[in-house]
Amino acid sequence: MIQLQHVSKVFRKTGTAVHALKDVTLDIRAGEFTAIWGPSGSGKSTLLNIIGALDFPDDGDYLFNGESIRRFSDLEISRFRAANIGFIFQSYNLLPNLRAWENVVLPARYTGKRFNKAESKARAMKLLEQVGLSERSEHLPSELSGGEEQRVAIARALMNDPQVILADEPTGNLDTNNHQVILAILRELHSQGKTVLVVSHNPEVVEMTERTVRLRDGQLEEQ
């Protein structure tokens with residue numbers, strides 16, 4: 001499903017070149033539950049952003065179901081992300097002026113398909129029920145706990161029924177109880193056949209996955 005071929009990425013800051021990824025070749029099969037592991041600054045988030053088409057390699061290629069993403073136009077990239085990738089971020093990234101269900105609905109607006117508000121709200125409500133938040137659907141993010149915000153973010157990631165879920169430190173800001181709730185949801189998504197990639201420093205998160213991809217200094221150290 002996901003193939004990275006000799007991918008490199010360089011960031012330039014104040015004249016200094018930072019090699020975030022160096023000649024990374026990686027295959028992720030459909031339905032895999034994979035942890036991306038490594039010390040701070042090893043390139044984990046850069047790798048996740050490239051897989052999610054939020055960033056692009058300077059060298060090498062990225063194929064999704066055999067098709068090169070680098071050849072897509074900007075519009076095609078946006079629609080690719082909306083249709084195929086669900087994002088879960090450590091900082092939740094909810095829009096503060098939108099209610100919970102309105103945040104969940106957002107990805108449906110970017111698929112290129114006709115947007116039906118009633119149908120989209122019905123699906124958002126179903127997803128909020130799935131993550132145990134149906135009674136909080138009308139609340140703003142400021143009225144939710146951190147764990148509730150993260151569950152809204154998970155519901156949002158599922159809005160377009162994506163093939164791939166990308167989670168960047170999804171439990172990093174949560175207490176123990178909410179940490180366990182989010183892990184249970186990720187396990188359930190995997191059991192439903194989703195491809196789940198999670199970046200985490202937490203050994204408990206890494207141990208529950210099927211496979212670990214280890215990065216160090218931008219290079220693939222171990223699979």
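I want the local charge near Ser8. Using Cβ-Cβ distances under 9 Å, sum +1 for each Lys or Arg and -1 for each Asp or Glu among the other residues. Could the numbers behind the result be given before it?
Numbers: positive: Lys9, Lys22; negative: Asp23, Asp58, Asp59.
Taking every other residue near Ser8 into account, the sum is -1.
To one decimal place, what orientation-averaged projected area in nm² is obtained for the convex hull of the Cα set of the chain?
Orientation-averaged projected area of the Cα hull: 12.6 nm².
Among all stretches of the chain without exposed GluC sites (Glu not before Pro) (DSSP loop, at most 14 other Cβ atoms within 10 Å), which one is longest? Display every interim value, and only then the final one.
Numbers: sites that count: Glu138, Glu210.
Of all site-free stretches, the longest is 1-137.
Amide H to amide H under 5 Å from Leu21: which residues, 5+ apart in sequence or cross-chain, H placed 1.01 Å off N in plane?
Lys9
How compact is the range 130-223 by the rule of thumb for globular proteins, expressed as Cα Rg over 2.2 N^0.38 Å?
My calculation over the Cα atoms of the range 130-223 gives 1.16.
Give me a comma-separated list of calculated 3J(HN,Hα) values for the range 166-173, in order, Karplus coefficients 6.51, -1.76, 1.60 applied at θ = phi - 60°, integers in Hz, x for any Gly or Pro.
Once rounded to whole Hz, the list reads 10, 10, 9, 6, x, 10, x, 9.
For Gln90, enumerate residues with amide H under 5 Å from its amide H, sequence gap 5+ or separate chain, H modeled in the peptide plane.
Under 5 Å from the amide H of Gln90 lie the amide H atoms of Asp168, each far enough along the sequence or on another chain.
Is the shape of the range 175-223 rounded, prolate or oblate, going by the alpha carbon gyration tensor and its root eigenvalues a ≥ b ≥ c, with a/c under 1.5 for rounded and a/b larger than b/c for prolate? Numbers along the way, then the final one.
Details: a/c = 2.93, a/b = 1.52, b/c = 1.93.
Verdict is oblate for the range 175-223.
Looking only at trypsin sites (Lys or Arg not before Pro) in DSSP loops with at most 12 other Cβ atoms within 10 Å, what is the longest site-free stretch of the chain?
That gives 115-223 as the longest site-free run.
Would you tally the net charge around Ser40, using a Cβ to Cβ cut-off of less than 12 Å, leaving Ser40 out, and scoring K and R as +1, D and E as -1? Working shown, then result.
On the way: positive: Lys44, Arg216; negative: Glu169, Asp217.
Summing Lys and Arg as +1 and Asp and Glu as -1 gives 0.
State, as an integer percentage, the relative contact order of the range 130-223 based on alpha-carbon contacts under 8 Å between residues 6 or more apart.
Worked out over the range 130-223, it gives 23 percent.
Please turn the phi angles of the range 22-33 into ³J(HN,Hα) values with the Karplus equation 6.51 cos²θ - 1.76 cosθ + 1.60 (θ = phi - 60°), one per residue in order, whole Hz, x for glycine and proline.
Couplings: 10, 6, 8, 10, 8, 10, 10, 7, 4, x, 6, 10 Hz.
Provide the per-residue ³J(HN,Hα) series for the range 94-101, in order, calculated from phi with Karplus coefficients 6.51, -1.76, 1.60 and θ = phi - 60°, each as a whole number of Hz, with x at glycine and proline positions.
7, 7, x, 8, 10, 5, 4, 5
Of the listed pairs Lys13/Lys44; Lys44/Lys113; Lys117/Lys194; Lys126/Lys194, which have alpha-carbon separations greater than 22 Å here?
Lys44/Lys113; Lys117/Lys194
So what's the back-of-envelope 222 nm ellipticity for the chain, counting only DSSP H runs of four-plus at -39500 (n - 2.57) apiece and dividing by all residues, rounded to 500?
Values: 7 runs with 72 residues, N = 223.
Counting only the DSSP helices, I get -9500 deg cm²/dmol.
Coordinate-derived values only; no laboratory data. Everything quoted here is computed from the prediction, not taken from an experiment. In this analysis, Cβ positions are derived from the backbone assuming ideal geometry, glycine residues included, and neighbour counts consider all displayed protein chains.
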